[in-house]
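Below is one structure, written out as structure tokens, with a few remarks after it.
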Amino acid sequence: MRIVLPFFFLFFLSSCFGSFSEGEKYFRQSDYEKAVSEFSKALFLNVTDIKSLHLRARSYEELEDLESAMEDYKTILRLEPEYAQAHAGIGKLYWKMEDYRKAENHLLMAAKHSPEDFEILFLLGRTLLINKRYESADEFFQLAKDLRPEESKVYFYQGMARTQIGDILGAAGSFNMCLRYDPDNLVAKYNRGLVLLRIGHISWALEDFEDVLKARPDHVEALAHRGMAKLMKQDPSGCIDLQQAEAKGSKYAKLHIDACR
């Protein structure tokens, strides 16, 4: 005997039990509270639905409910220990908590299982940079750069890592590439000036410090380094820069002010 369910009962079932597609729709619309509700309904029927767990965790992240997001990511890893995006998600959560050691561990696992994910490689590189593992950071930035060769931020952070390693020429090249794709990046321009000064390209370094000071007249360290660059070019007006920078609290100026006495 065939049982025919009344329409209102079918409607009741559909409203009580959500679907991944509905949750995904709300997630794409940035309506994260409705997305959480929909994924939670779907998971009531299928507690091992990894896709729903993943996007619910992402929704929790957007709502700044880090504890719930962490719980969902850990549930995913119990079901599928090699799920790269769960490791990446936990890594990002620890990043937000400023626990960079734990972030590094999970991002390394994520990169192992998803070696061509740019965002994972880039965030791992930044984490390694913070953890002072500069050579490893350089390596992962290189991998990220291979995936997106026109992404300016990769060159910027790779330049920072190479500066710490002592690869000054490599750092200069990285900052050059950063500025090719993001010419208004004043931090990159200032750091390029620093490395150019170190390798003896005084005129180019001076240009960078001048550009920084045009945009940021209050940049005390750029003022101090411009002063030193001028002195290295036998321009006595560099002492004015150093004296002004010293008066404003520049440590670099205080270290080099004796050149003007």
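The values are calculated or read from the model by the stated rules, or taken from the named source; none is laboratory data. Note that the structure is a prediction, hence the values are computed from the model and not measured. Methodologically, a virtual Cβ is constructed for each residue, glycine included, from the backbone with ideal geometry; neighbour enumeration extends over all protein chains shown. Side chains included, ligands, DNA and RNA excluded: accessible areas come from the protein's heavy atoms. Shrake-Rupley method; radii C 1.70, N 1.55, O 1.52, S 1.80 Å.
Take the solvent-accessible surface of the protein heavy atoms, probe 1.4 Å, and return the percent of it on the stretch 96-255 that carbon and sulfur atoms account for. With neighbouring chains kept in place, the figure for the stretch 96-255 is 50 percent. Accessible surface comparison of Ser30, Ser114, probe 1.4 Å, protein chains only, largest first: the order is Ser30, Ser114. Measuring only protein heavy atoms, the 1.4 Å probe finds Ser52 accessible over about 0 Å².
Annotation: Val220 carries an accessible surface of approximately 40 Å², with a 1.4 Å probe and no ligand, DNA or RNA atoms counted.
Along its first, second and third principal axes, ordered by size, the stretch 81-168 spans 40, 25, 17 Å in Cα coordinates. Note that the stretch 38-184 shows a convex hull volume over its alpha carbon atoms of 112 Å³ per residue.
Its alpha carbons give the stretch 144-254 an Rg and a Dmax of 14.3, 47 Å. Within the chain, the selection of entire DSSP H helices by a Cα span of 30 Å or greater along the long axis and an average Kyte-Doolittle value of at least 1.0 returns an empty list. Which one of Cys178, Tyr190, Gln142 has its Cα pushed farthest toward the positive end of the charge dipole of the stretch 120-191, where Lys and Arg give +1 and Asp and Glu give -1 at the Cβ? My answer, from the dipole projection, is Tyr190.
In the complete set of protein chains, residue-level accessible area for Leu206 is approximately 30 Å², probe 1.4 angstrom. Exposed loop sites here are GluC sites (Glu not before Pro) assigned a DSSP state other than H, G, I, E or B and surrounded by at most 12 other beta carbons within 10 Å; excluding them, the longest clear run of the chain is 151-261.
Which of the aspartates and glutamates could a cross-linker bridge to Lys132, judged by Cα under 12 Å and excluding same-chain residues fewer than eight apart? Correct list for Lys132: Glu104. Between the entries (i) 62, 44, 29; (ii) 66, 45, 30; (iii) 104, 32, 29, the label attached to Cα extents along the principal axes in Å calculated for this structure is (iii).
Based on a Kirkwood Rh over C-alpha pairs, give the Stokes-Einstein translational diffusion coefficient of the stretch 132-205 at 25 °C and viscosity 0.890 mPa s in µm²/s. Roughly 205 µm²/s, to the nearest whole number. Gain on full extension, evaluated as 0.36 nm per residue between Lys233 and Glu116 minus their Cα-Cα distance, stands at 37.4 nm.
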